[in-house]
Structures are given as C-alpha cells and as structure tokens.
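Engineer: The structure's right below; bear with me while I get my questions together.
The values are calculated or read from the model by the stated rules, or taken from the named source; none is laboratory data. Computed from a predicted structure; not experimentally measured. Cβ placement follows ideal geometry from the backbone for every residue including glycine, while neighbour counts extend to all protein chains displayed. Areas reflect the complete protein model, heavy atoms only, side chains present, ligands, DNA and RNA absent. Shrake-Rupley method; radii C 1.70, N 1.55, O 1.52, S 1.80 Å.
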Amino acid sequence: MLFFDWEYDFCDVFVTNVLFVYNVHMVQYFENDASQKHKPSTISFTIQDHAFMLESNSGVFSKDRLDTGTRILLEAILENESSCSHVLDLGCGIGPVGVVLGTFWHCDLTCIDVNEKAVQLTKRNLQKNGLSGNVLCSDGVQSGTYDCVVLNPPIRAGKKTIYRLFDEAMAHCTNHLWIVMRKQHGAASAQDYLATKYSVSRVKRDKGYWVLRVSSDDVV
C-alpha cells in the first residue's frame with residue numbers, strides 16, 4: 001500500500017504515482033542518501049507565544065515548515081500533560097518536539113532518528129536553543145526509560161514498522177506515549193491495535209489528525 005501526504009499538491013501525488021509504476025526508487029525522509037545535495041534553510045514557528053527557529057536541509061521530514069501534525073501534537077501534549085522529567089522524541093526529524101518540550105519543561109531529552117542528516121540537525125537545533133540532549137541515530141529505541149515518549153510515525157515506512165515502533169516505545173515508557181496520525185492514514189486502525197495491549201484514548205482531533213495518548217494498564 002502506498003501512503004500519501006495530502007498536504008502536497010496534485011503534481012506531487014501524480015509524480016509519485018508515475019515513479020512508483022515505473023519502479024523508480026524515491027529517497028524517503030527515513031532513509032540516508034549521501035548523494036543528496038545540501039540545501040540549508042531555516043524554519044520558524046510559534047508555540048504558546050514562544051518563537052522558535054530551527055535549521056533545516058534537504059532530505060529530512062517537513063524540511064520547509066513545522067508540519068501540521070507535529071504542531072497539533074505539541075499543542076495537545078502541552079495542554080494535557082504535566083511537565084515530564086525524561087522525554088524521548090522518537091523519529092525526531094530536525095528536532096522540533098525536543099526543542100519545544102525541552103524549552104517548556106526543562107527536561108532530560110533523548111532524540112532518535114534513523115536519518116543521519118536529521119540527527120546532526122537536531123544536535124545543532126538543541127544547541128542553538130540553549131538545550132542539550134542525547135541524540136542518537138537508530139532505527140527505534142533500544143534502551144532507557146522515559147515518562148513521556150512522543151511519536152509522529154513515518155507513515156511511508158509501512159504499518160509493520162509503525163506498529164513495531166509503538167511496541168518498542170511502550171517497552172521503554174513509564175507514563176504516556178503520545179502519537180499523532182491522520183485518520184486517512186490509519187489512525188483508527190492504530191488505535192484499535194494499541195487498545196489490544198494498552199490503555200489508549202483519543203485526546204484531540206483536528207484537521208483530520210488524531211492525537212492518541214497511550215499508557216500501560218497500571219498507569220492512570
């Protein structure tokens with residue numbers, strides 16, 4: 001199954017379909033491609049009246065802006081979660097979740113992404129915003145415990161990968177896992193899957209995105 005980001009215009013979707021039919025591989029943001037040209041840029045955004053600026057580049061997730069799902073996710077977390085001490089930003093991209101939560105919560109941060117360029121950008125963006133953290137290049141979480149795990153899953157990686165990330169995150173989570181997904185990208189199915197193993201609630205629904213809060217049965 002091929003997943004699309006409907007924020008892209010019709011031309012993007014058409015080209016993606018054509019390339020898929022002819023079996024031409026397109027580099028995804030969760031892959032490493034040393035041949036990609038560097039196109040440094042900056043993105044800026046405001047969360048709860050606080051202005052942020054991050055470095056970005058080609059070959060990373062949402063390179064031109066804070067994507068809508070991440071914004072909705074961050075707003076839901078800040079509205080519904082008490083300040084946490086140990087935060088994991090799983091699939092961190094260039095680091096907006098870590099930067100925002102680190103700024104508001106003054107917490108210990110761990111940021112993980114499979115994309116090496118994204119990892120280097122996250123390191124710089126934490127430093128640029130006066131923060132520090134453990135930033136790792138890894139395909140998932142293998143160690144540590146966290147009272148808040150945040151995940152905007154890589155839809156194009158496929159359901160098997162996404163659900164593996166859910167379970168890995170919960171294996172290292174002592175409180176809440178926060179997830180954002182579009183309804184049309186399988187949010188309802190993801191909620192059903194998570195409900196077979198954990199306690200899950202839909203905290204917010206906005207612009208087609210669902211924000212899910214997941215916890216173990218013994219966590220209130």
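Engineer: Counting only protein chains, not ligands or nucleic acids, how are 71, 65 ordered by accessible area (probe 1.4 Å), most first?
Structural biologist: In descending accessible area the options line up as 65, 71.
Engineer: Taking the solvent-accessible surface of protein heavy atoms with a 1.4 Å probe, what is the per residue accessible area of segment 98-220 in Å²?
Structural biologist: About 45 Å² of surface per residue is accessible.
Engineer: Decide, for segment 151-192, between rounded, prolate and oblate: order the square roots of the alpha carbon gyration tensor eigenvalues as a ≥ b ≥ c, take rounded if a/c falls under 1.5, and otherwise choose prolate if a/b is larger than b/c, else oblate.
Structural biologist: Prolate shape, in that a/c is at least 1.5 and a/b is the bigger ratio.
Engineer: Separate question: Among the lysines, select those whose C-alpha is under 17 Å from the C-alpha of residue 197, and discard any that sit fewer than 8 residues away in the same chain.
Structural biologist: Correct list for residue 197: 159, 160.
Engineer: Students often forget the sequence filter, so: which lysines lie under 16 Å Cα-Cα from residue 204 once same-chain residues fewer than 8 apart are removed?
Structural biologist: Counting by Cα, and skipping residues close in sequence, residue 204 has these lysines nearby: 183.
Engineer: Can you pull the one-decimal nm distance between simple spin-label points at residue 138 and residue 37, each 7 Å off the Cα toward Cβ?
Structural biologist: Between residue 138 and residue 37, the simple spin-label model gives 3.6 nm.
Engineer: Could you tell me the distance between the Cα centroids of segment 143-173 and segment 86-107, to the nearest Å?
Structural biologist: 15 Å
Engineer: Ranking request for peptides 203-210, 170-177, 117-124: highest mean number of other beta-carbon atoms within 10 Å first, then the rest in descending order.
Structural biologist: On the way: 203-210: 17.0, 170-177: 19.4, 117-124: 21.8.
Taking the mean over residues of other Cβ atoms within 10 Å, the ranking is 117-124, 170-177, 203-210.
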